[in-house]
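*Asks:* Got a structure here, written out as structure tokens. Questions coming.
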Amino acid sequence: MASMAPNAVSGSKRRYQHFCPAARALETIGEKWSLLIVRDLLGGPRRFSDLRRSLATITPKWLSARLRALEADGILTREVAGEREGWYCLTPKGQALESVFDALLVWGMDHALGPPRRGEAIHPGRAMDAIVRYLAHRRPRGRRRMTWVFRFGDDRSYTIRFDGARWTRQRGEAAADVIVQTSPDEWVKFLSADPEGRRRWLRQQRATGTRQRLDELMTSFGVRRQTLRSREPGGQRAAMAKN
């Protein structure tokens with residue numbers, strides 16, 4: 001299949017021969033790679049080389065075929081402004097898939113994630129985007145402002161904020177309530193673990209903050225409160241004094 005010409009690939013769209021809105025939607029967006037291309041474009045316009053790098057294992061022929069098919073279906077458009085590659089961006093029809101993708105992501109996080117497989121590409125930035133979308137739809141209890149910093153080695157970090165109404169993420173560090181020191185592989189293990197596994201993960205001194213703030217992080221990911229000790233100097237004694 002990898003040697004198949006792009007026009008042959010784009011002409012092999014699945015037809016269910018079944019009158020149903022879901023079937024029609026899958027005929028349009030259900031081909032392999034299509035929703036992942038939409039995922040990347042939900043973050044803004046991308047060039048062909050950007051998509052190739054993000055999708056990792058897709059071949060240039062398959063990517064070209066999928067982009068042409070999505071353009072033909074009105075999901076995306078290609079804009080050329082004096083650059084050889086041009087930029088791909090979602091149309092309003094493509095943007096309308098955001099809630100569909102988010103629902104799929106939340107279901108996958110809750111029911112289908114599992115541990116990482118051998119050879120799977122792990123992108124910290126993408127993992128952070130997934131967390132923001134997951135938390136926005138899961139809507140953890142409380143409206144207290146929270147700021148978490150995730151450090152992936154010495155040269156890459158991300159800040160996730162909750163302002164009382166909305167979750168966001170940005171590259172780099174800011175003053176934070178909790179700091180998580182990890183690696184891409186280790187962080188994926190946390191996300192794919194059950195609640196008890198997530199509790200053990202944070203107990204192994206990968207996160208620093210007061211007990212209350214660590215509890216907030218854990219409850220956001222479905223773990224009960226009052227399960228972690230403080231990981232900041234003097235924090236355990238301070239937390240105990242408050243109780």
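Bear in mind these aren't lab numbers, they're just calculated from the coordinates by the rules spelled out. Please read these numbers as outputs of a predicted model, since none were measured by experiment. So basically every Cβ, Gly included, is an ideal-geometry build from the backbone, and we count neighbours across all protein chains shown.
*Asks:* Find the all-direction average of the projected area of the Cα convex hull for region 63-176, expressing the result in square nanometres with one decimal place.
*Replies:* Values: hull surface 42.0 nm².
Computed as one quarter of the Cα hull surface, the answer is 10.5 nm².
*Asks:* Among residues other than Glu98 whose Cβ falls under 13 Å from its Cβ, what is the net charge (Lys/Arg +1, Asp/Glu -1)?
*Replies:* Numbers: positive: Arg39, Lys93, Arg133; negative: Asp40, Asp102, Asp129.
Its environment carries a net charge of 0.
*Asks:* Right, another one. So what is Rg over Rh here for region 17-96, counting just Cα atoms and using Kirkwood for Rh? Working shown, then result.
*Replies:* Working: Rg = 12.8 Å, Rh = 13.0 Å.
With Rg and the Kirkwood Rh in hand, the quotient comes to 0.98.
*Asks:* Estimate the FRET efficiency between Glu71 and Arg143 by the formula 1/(1 + (r/R0)^6), using the beta-carbon distance for r and 45 Å for R0, to the nearest 0.05.
*Replies:* Working: r = 42 Å, r/R0 = 0.93.
It comes out at approximately 0.60.
*Asks:* Can you give me the distance in nm between label points at Arg117 and Thr168, each placed 7 Å from the Cα along the Cα-to-Cβ direction?
*Replies:* The two pseudo-label positions are separated by 3.6 nm.
*Asks:* Further question: Would you kindly derive the ³J(HN,Hα) couplings of region 14-20 from the backbone phi angles with the Karplus curve 6.51 cos²θ - 1.76 cosθ + 1.60 (θ = phi - 60°), listing them in order in whole Hz, with x for Gly and Pro?
*Replies:* Along region 14-20, the couplings run 5, 10, 8, 6, 9, 6, 6 Hz.
*Asks:* A follow-up question, please. Over the Cα atoms, compute the radius of gyration (one decimal) and Dmax (the largest Cα-Cα distance, rounded to a whole number) for region 101-233, in Å.
*Replies:* My reading of the Cα-based Rg and Dmax gives 13.8, 41 Å.
*Asks:* Okay, moving on. Amide H of Thr91: which non-local residues (sequence gap of 5 or more, or other chain) have their own amide H closer than 5 Å, using H built in the peptide plane?
*Replies:* Those lying under 5 Å, H to H, from Thr91 are Leu76, Thr77.
*Asks:* In whole Å, how far is the Cα centre of region 29-46 from that of region 54-126?
*Replies:* After rounding, the separation between the Cα centres reads 2 Å.
*Asks:* Could you pull out every residue, at least 5 positions away or on a different chain, whose amide H is within less than 5 Å of the one on Ser157? Hs are placed 1.01 Å off N in the peptide plane, and Pro or chain starts have none.
*Replies:* HN-HN under 5 Å from Ser157: Phe152, Gly172.
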